[in-house]
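The values are calculated or read from the model by the stated rules, or taken from the named source; none is laboratory data. Keep in mind that what you see is a predicted model, and the values were worked out from it rather than measured. Please note: Cβ atoms are built from the backbone with ideal geometry, for glycine as well, and neighbour counts cover all protein chains shown.
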Amino acid sequence: MPNQELIDALRDADAVKYGEFELSHGGTSNYYVDKYVFETDPRCLELIAAAFAERLDGTKLAGVALGGVPMVAVTSVETGLPYVIARKQAKEYGTGNRIEGELEAGEEVVVIEDIATTGQSAVDAAQALREAGAVVERVLVVVDREEGARENLADHDLHLESLVTASDLLADAPAESDG
């Protein structure tokens, strides 16, 4: 069942844009979910943290840099659960870490991400966490664009759970035009 309160908050924050957009994986879309809008909106963050908290069972959290970091931080505050940050690649300075924060071998970790299109960022984060010794089976996202992420994650033994899907977010949305 869709989280209507979150859908309304995303729409009210104007996080859903209509027009012609290039996506990070190279494809195009006639709509865009602007993660920076909802990741900087206190009401959206509050609803996201509460919704993620309902789906967690005491496991450590991991945010995918950069977009997953605000999501994991507010969820950590909401739940009291610690988190780590998974970088796309190791830093070339300082400690050179790919995983930031304390992580022990064998720890169960849930990956938190903002938007899933192909799911590749979450797959890469899960792989880095697994290489560091974590047990990773679940990925929680705010929005599943329903463009192959679920299947890609499943191919890597990861289960995708989303707070809302693109179908939920776009259903009954006011007709928009790009002019």
If you take the residues of the range 36-55 that are surrounded by 17 or more Cβ atoms within 10 Å (Cβ to Cβ) and in contact with a strand residue (DSSP E or B) (Cβ under 9 Å, 6 or more places away or on another chain), which of them is nearest to LEU160 (Cα to Cα)?
PHE52
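Return yes when SER167 is in contact with a strand residue (DSSP E or B) (Cβ under 7 Å, 6 or more places away or on another chain) and under 25 Å from GLY26 (Cα atoms) and no when it is not. Talk me through it step by step, then tell me what you get.
Numbers: in contact with a strand residue (DSSP E or B) (Cβ under 7 Å, 6 or more places away or on another chain): no; under 25 Å from GLY26 (Cα atoms): yes.
In short, no.
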Output the number of the condition that VAL33 fails; it satisfies all remaining conditions of (1) modelled with pLDDT of 95 or more; (2) within 19 Å of ASP168 (Cα to Cα); (3) hydrophobic (A, V, I, L, M, F, W, C); (4) surrounded by 19 or more Cβ atoms within 10 Å (Cβ to Cβ).
(1)
May I ask you to verify whether ARG55 is more than 20 Å from ASP124 (Cβ to Cβ) and in contact (Cβ under 8 Å) with a residue 40 or more places away in the chain?
yes
Among the residues of the range 89-110, is there at least one that is under 20 Å from ILE7 (Cα atoms) and either modelled with pLDDT of 95 or more or out of contact with any helix residue (DSSP H, G or I) (no Cβ under 7 Å at 6 or more places or on another chain) (or both)?
no
Mind checking whether some residue in the range 3-19 is touching a Pro at 6+ places or on another chain (Cβ under 8 Å), closer than 25 Å to GLU78 by Cα, part of a loop (DSSP other than H, G, I, E, B) and touching a residue at least 40 places away in the same chain (Cβ under 8 Å)?
no
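Listed residues THR117, THR75; which is crowded, with 18+ Cβ neighbours inside 10 Å, touching a residue at least 40 places away in the same chain (Cβ under 8 Å), among the hydroxyl-bearing types (Ser, Thr, Tyr) and under 22 Å from LEU6 (Cα atoms)? Can you show your working first?
Details: THR75 fails: touching a residue at least 40 places away in the same chain (Cβ under 8 Å).
When all the criteria are applied, what remains is THR117.
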Please list, ordered by residue number, the helices (runs of 4 or more DSSP H) wholly in the range 54-171 having 1 or more residues that are touching a Gly at 6+ places or on another chain (Cβ under 9 Å) and either over 26 Å from ASP8 (Cβ atoms) or of a type outside the set (Gly, Ala, Ser) (or both).
68-79, 120-131, 149-155
Which members of the range 20-46 meet the condition of being part of a loop (DSSP other than H, G, I, E, B) and touching a residue at least 40 places away in the same chain (Cβ under 8 Å)?
LEU23, SER24, HIS25, GLY27, GLU39
Give the range 1-36 a look and list any residue that's within 14 Å of the chain's Cα centre (by Cα) and of a type in the set (A, V, I, L, M, F, W, C), or say none.
VAL33
Would you point out the residue of the range 129-168, among those that are surrounded by fewer than 21 Cβ atoms within 10 Å (Cβ to Cβ) and of a type in the set (Gly, Ala, Ser), that is nearest to ALA50 (Cα to Cα)?
ALA166
